[in-house]
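**Q** Structure incoming, see below.
The values are calculated or read from the model by the stated rules, or taken from the named source; none is laboratory data. Quick caveat, the model's predicted, so the values are computed rather than measured. Using ideal geometry, Cβ is built from the backbone for each residue, glycine included, and neighbour counts are taken over all protein chains shown. Accessible surface is based on the protein model in full, side chains and every heavy atom, while ligands, DNA and RNA are left aside. Shrake-Rupley method; radii C 1.70, N 1.55, O 1.52, S 1.80 Å.
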Amino acid sequence: MSGRGGGDSPSDASSPAPPPPLDWRFSQVFGERAAGEEVQEVDIISAIEFDKSGDHLATGDRGGRVVLFERTDVREHGSRRDLEREDYLMVRHPEFRYKTEFQSHEPEFDYLKSLEIEEKINKINWCQTANGALFLLSTNDKTIKYWKVQEKKVKKICEMNMDPSCSAENGSILSPSTPIDSKMCLANGGCSEKPYNHLSNDFSFPAGGFPSLRLPVVASQETSLVARCRRIYAHAHDYHINSISTNSDGETFISADDLRINLWNLEISNQSFNIVDVKPANMEDLTEVITSAEFHPTHCNTLAYSSSKGSIRLIDLRQSALCDTNAQLFEEHEAPGSRSFFTEIIASISDIKFGKDGRHILSRDYMTLKLWDINMDSGPVATFQVHEYLRPKLCDLYENDSIFDKFECCLSGDGLRVATGSYSNLFRIFGCVPGSSESTTLEASKNPMRRQVQNPTRPARSLSSLTRAVRRGAESPGADANGSTYDFNTKLLHLAWHPTENSIACAAANSLYMYYA
């Protein structure tokens, strides 16, 4: 991926040709609702996250539950020749199955502030696995929990320590229906404080003792998954938590609310360090809030956070204990005369994600997706239009609060494409390689291409020579390619891209849809 995305720059001549657009297909759906079935509020999915291997997927919902899925198409055993033979016979793509679920959070009440705390899961973040167990963080508005999910084998005694024939001859004291006192004399020679005459009168030892002795045999009857909360990180945020992010060092993580970012150690739940604080001395002077935060994928000292003013700050924990004044600032300068009542609202960034290479940051505001190069703070290297067709309707969207919807974004593992959600359960995929014109609109349904934009995407055009950015994806306002109006009550806010393959998981209300290319 190049730092320059302009279509007319001289360096594009030497750039490799962009990859062809992907052909997306439906893979799976979990929790599909029947036609006319009413969706319960507690069942609506509010968070999605793949783990780093891509073999597990977690979702959280508004009812405080976390549901785990595991990949089933990866064979742990088998020769390479067998796997290659399978690849010839079928197109392999990630397939998942339900693994387990657990109640992560319960509704609470803050008596000091007279506030109800919802059980809704705001974010899920996977931690490093250990000894076959899965670890993850989940959070609602106030409390973060550290979960361990592990298989537990239920063991039972399947054989007694005597032959059934011996037991029958010597009485019924060892029959399964008769309780055995742990302190009485047993047939295997163990003695107790009680005398021998405590045994039944018809019991007698055979001459020469027992010819054979068998100890109890313990066998595993079944395996169950158990989720156990190992740590609870509470009472550190006065405002609603909007982000959690684990560090690449495997030991620490951050949590962010509207005004502060705290640094935690996974093993210490009663102490955190405040590393960013944007709260002014007088709250009337408050001009922006923190909207999202994430650690760098490989540099444990670097993290980024976004604000409601449309800016991104990159901070280095080595520079200062309090990092809000020592930050590299990324923001796009607005064009003169373009400011309106809605300018700041639609500029607010709802989500940021680092690329796997750690060099690029993807941000989502209400109207666009922007791709930033951390080595170039003059402006985004590419801008993708997502909601440009809604610009004439901003007044209506403000009245019904849709303008405050927070859409998430994601990057492919190879860094060649980006994706984000929209209304009518649609999501958009863009190619972000210089010269790429890929712009795909899919619907979260079993027929994802039903709402596909038929007209070819307009070729990329460069912005100012200062940023050399790309703007793509604008559509005809008001309706999709089939003439259907957009439904602002059905919105696709949450989606995640598989870390190593072209597979996307997205949430439409209570249903989890998965697609592959």
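**Q** Once label points are set 7 Å from the Cα along Cα→Cβ at both R391 and A35, what is their separation, rounded to one decimal in nm?
**A** Spacing of the two 7 Å Cα→Cβ label points: 3.9 nm.
**Q** What shape does the stretch 257-375 take by its C-alpha gyration tensor, where a ≥ b ≥ c are the square roots of the eigenvalues and a/c under 1.5 counts as rounded, a/b above b/c as prolate, and the rest as oblate?
**A** oblate
**Q** Using a 1.4 angstrom probe on heavy atoms only, work out the carbon and sulfur share of the accessible area of the stretch 288-413 in %.
**A** 50 percent
**Q** A follow-up question, please. Before I look further, what does the stretch 224-267 give for accessible area per residue, probe 1.4 Å, in whole square angstrom?
**A** Dividing the accessible area of the stretch 224-267 by its residue count gives 40 Å².
**Q** Quick check for you: with a 1.4 Å probe and neighbouring chains kept, what is the accessible area per residue of the stretch 302-398, in Å²? Could you put the intermediate results ahead of the total?
**A** Working: 3970 Å² over 97 residues.
Here the residues of the stretch 302-398 average 41 Å² of exposed surface.
**Q** At a probe size of 1.4 Å, how large is the accessible area of C300, to the nearest 10 Å²?
**A** Around 60 Å² of this residue is reachable by solvent.
**Q** Taking 20 °C and 1.002 mPa s as the conditions, I'd like the Stokes-Einstein D for the stretch 309-428 in µm²/s, using the Kirkwood hydrodynamic radius from alpha carbon pairs.
**A** 138 µm²/s
**Q** Here is a further query. On full extension of the chain, what length is gained from Y398 through T287, given 0.36 nm per residue of separation minus the C-alpha to C-alpha distance? Kindly include the intermediate steps, with their values, before the conclusion.
**A** On the way: separation 111, 0.36 × 111 = 39.96 nm, distance 1.95 nm.
Result: 38.0 nm gained on full extension.
**Q** Separate question: Write down the Å³ per residue value for the convex hull defined by the alpha carbon atoms of the stretch 313-366.
**A** 117 Å³
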